[in-house]
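Reviewing the structure listed below.
The values are calculated or read from the model by the stated rules, or taken from the named source; none is laboratory data. Here the structure is a predicted model, which means the values were calculated and not measured. Ideal geometry is used to build each Cβ from the backbone, glycine not excepted, and the neighbour counts take in all protein chains shown. Ligands, DNA and RNA are stripped out before the accessible areas are found, and what is left, the full protein with its side chains, is counted by its heavy atoms. Shrake-Rupley method; radii C 1.70, N 1.55, O 1.52, S 1.80 Å.
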Amino acid sequence: MALHHHRLQMSWQPSLLSLRRKTGPPLGLRNLGNSCYLNSVLQCLTYTPPLANFCLKNLHSSLCDSGADVERKRDCPFCLLEKRIARSLRLDQPQDAPAKIQGCLRLYAEHFRCGRQEDAHEFLRYVIDACHNTCLRLKKLRQQQRNGAEAPNCGDSVVKEIFGGALQSQVKCLSCGAESNKVDDIMDISLDVLQSSSLKEALHKFFQPEVLDGNNKYKCENCKKLVVAKKQMSVFQAPNVLVIQFKRFEGIYGGKIDKAISFEEVLVLSSFMCKESQYLHEDGNTVNGIVGCTQPSIPIFHIPGRTFPVNILWSKTPYEDYVEAAVKQAMAVHISSPPGDILIFMTGQDEIKAPCYALAERMEQLLYSMRMPCHLHSSSTLYGMGHTLEYVVYHELILIAKEYMQCATTVEPQWLAELDPMFFFVKDSDKSLLEHKKKQEEEMTAMEEEMENLRRP
């Protein structure tokens, strides 16, 4: 049958488009009075490549002409949509009015009225369902005409092939490990965006596991009692075209959620697929979040591993010395965060070495700034000299109630500064040690404030 066996063309077929649609902007649709919901849905469906290619070839109307009478053809919701999509992609005009579709709203939803505000997602569901049911009715009619008997109920159609997918709901008993799986067909996914700012974040929250506990415990068939369980949603079959609806209202009486939701141009569903769809099936079909293919000669390996949370920090504005900025950021993370790893990405070998040297120097300075007070032991020859020594080199440190140095030798500070300027320096004569320490603390505070500003969105 044409509707079932026609192979979907997922990319655009330029030969089917008019010159204006190939090179110019999309055809605009005029508002016929509170018809913005209608126009937005028609534009989305028009620029869905597999559906557009199907309609441009008149594959449904040709079947509808041969499989139904004239009266039925005029009332066919799929024929109306097919003509509307073909007209939008072939008309060499800047705009048009979808008057025919608006005049036949009741074909898709009986309670819809012209001139009244309606919900775009609700209308989209009615359009998809109406076209899907029309395909099933025509398919059943043709099978009856060919076989002369009641045809078995088969739920496949070109609409389901384009938009249809399946979600799996798995409940796992945390006592015995038994799993219960239920698969449901879907035509779209509705996501809460109240606590999300991006599509990826909303998807992660939709598919995150839920613990069934307390008054919501699960009745395990294996344990024969109420147990604590984990419920996990996953994609069992990814649709060729995934329709996602953002829930823009808070509850029944809540206000509209009008914040912007960011999304990437490429959406990969592989991390949300269930295990049965990620691995190789017995028939050699591999299924992932993007396409399904048959490649039995290609080996597929499953390598278990662990994942760790990663915080990504970046600068919204360019830095003249981005190596120095990266070093400051790494130092701020090291000081303020718990133990962990820090990755700094640079573009060349020289730029990789530069932050390594800088970080080593900063860490040594940090250790130097964290030095502890020590005391000369009474057995030392320097003890009781009548004045405080500026610098000493000690060879032995005794840790008791106090920390004492033995076998110490007095040295000139200039010698230490010349020997290892990374650790020692000669302070300005007009500044006391307290003032120098205060300056170091101010510099460290300024660096931490700068890093905190970089973390803010």
* Structure fact -> Between Thr381 and Gln145, the two model label points (7 Å from Cα along the beta-carbon direction) sit apart by a distance in nm of 11.8 nm
* Quote the accessible area belonging to Tyr319 in square angstrom, nearest 10, computed with a 1.4 Å probe and with ligands, DNA and RNA left uncounted. => 80 Å²
* To do: Provide the per-residue ³J(HN,Hα) series for segment 130-147, in order, calculated from phi with Karplus coefficients 6.51, -1.76, 1.60 and θ = phi - 60°, each as a whole number of Hz, with x at glycine and proline positions.
  => 5, 5, 5, 5, 4, 4, 5, 5, 5, 5, 5, 5, 5, 5, 5, 5, 7, 9
* Solvent-accessible surface (1.4 angstrom probe) belonging to Glu452, in square angstrom, nearest 10 -> 80 Å²
* **Packing-based ranking, highest mean first, of 205-213, 341-349 given that Cβ atoms within 10 Å are counted** => 205-213, 341-349
* Per-residue ³J(HN,Hα) for segment 315-329, Karplus 6.51 cos²θ - 1.76 cosθ + 1.60, θ = phi - 60°, Hz, x for Gly and Pro -> 9, 7, 10, x, 10, 5, 10, 6, 5, 5, 5, 5, 5, 4, 5
* Asked: Taking H as built 1.01 Å from N, whose amide H comes closer than 5 Å to the amide H of Asp96, not counting residues under 5 places away?
  -> Gly28, Leu29, Arg30
* Asked: For segment 137-236, what is the accessible area per residue in Å², given a 1.4 Å probe and the full set of protein chains?
  -> 58 Å²
* Roughly how many percent of the accessible protein surface of segment 99-210 is carbon and sulfur, given a 1.4 Å probe and a whole-percent answer? -> 46 percent
* **Residue-span extension gain [Lys100 to Glu390] - 0.36 nm each, minus C-alpha spacing** => 95.0 nm
* For Leu212, residues with placed amide H under 5 Å, excluding near neighbours -> Ala229, Lys230, Lys231
* Lys316 - accessible surface, heavy atoms, 1.4 Å probe, Å² rounded to 10 -> 140 Å²
* For segment 75-88, what does the Karplus curve 6.51 cos²θ - 1.76 cosθ + 1.60, with θ = phi - 60°, yield as ³J(HN,Hα) per residue in whole Hz, taken in order and with x for Gly and Pro? -> 9, 7, x, 6, 4, 4, 5, 4, 5, 5, 5, 5, 5, 5
* Structure fact -> Under the 7 Å Cα-to-Cβ spin-label approximation, Ser40 and Asn133 lie apart by a distance in nanometres of 2.5 nm
* Quickly work out the Lys200-to-Glu221 label distance, labels modelled 7 Å from Cα along the C-beta direction, and quote it in nm with one decimal. => 3.9 nm
* To do: Could you tell me whether segment 310-388 comes out rounded, prolate or oblate from its Cα gyration tensor? Rule is a ≥ b ≥ c as square roots of the eigenvalues, rounded for a/c under 1.5, then prolate if a/b exceeds b/c, otherwise oblate.
  => prolate
* Can you pick out the pairs among Lys231/Lys259; Lys230/Lys275; Lys22/Lys247 whose Cα atoms lie more than 25 Å from each other? -> Lys231/Lys259; Lys22/Lys247
